[in-house]
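Step one of this worksheet: look at the structure below.
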Amino acid sequence: SFLKNGKITNFTEHDGLPAGQTRGIVLDKDGVVWAAFVGGLARFDGNHWQKIQMDWNYPGKTASSVIVDRAGTVWVTSEDRVFFLPRGGRLFQDAGLSAMADMLCLSSATLSCKSWRKSSLMIRHVDKRRLADIKKKHACE
């Protein structure tokens, strides 16, 4: 359901929502709502829902969690990988991390390349060398 101008609208699969249980909802810095579902990932632009699939370079059949960091990057865990979409981007990128259902811990996430140390986004079960490689690849300090 979505409340806009005092009117509640209920959305279903016919409106573009993936099937199944909602696992997470987040609002990005541009006002887009991102929702993780058992049946996939979707975005709401204020008027319409769009299921996110390969046209966005998101291969996941499910989305376990979704967060937005301080820089506006959208982070999503699929059934087995972590993906990210930089603010203003149109294609998700593979973060090079294997995902577990609880890998991205939802909180008031503040992860960005400039704030790895201050982050409340927790990436668990990651080899420290692999995390250093990711930071280096994405020019993080």
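The figures follow:
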item: Kirkwood hydrodynamic radius over Cα pairs of the stretch 1-59, then Stokes diffusion coefficient at 25 °C and 0.890 mPa s, in µm²/s; result: 207 µm²/s
item: Reciprocal mean inverse distance between Cα atoms of the stretch 30-104 - Kirkwood radius, Å; result: 12.1 Å
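Read-outs: derived from the displayed coordinates by stated rules, not from any lab. The shown structure was predicted, so the numbers you read here are calculated from the model rather than taken from an experiment.
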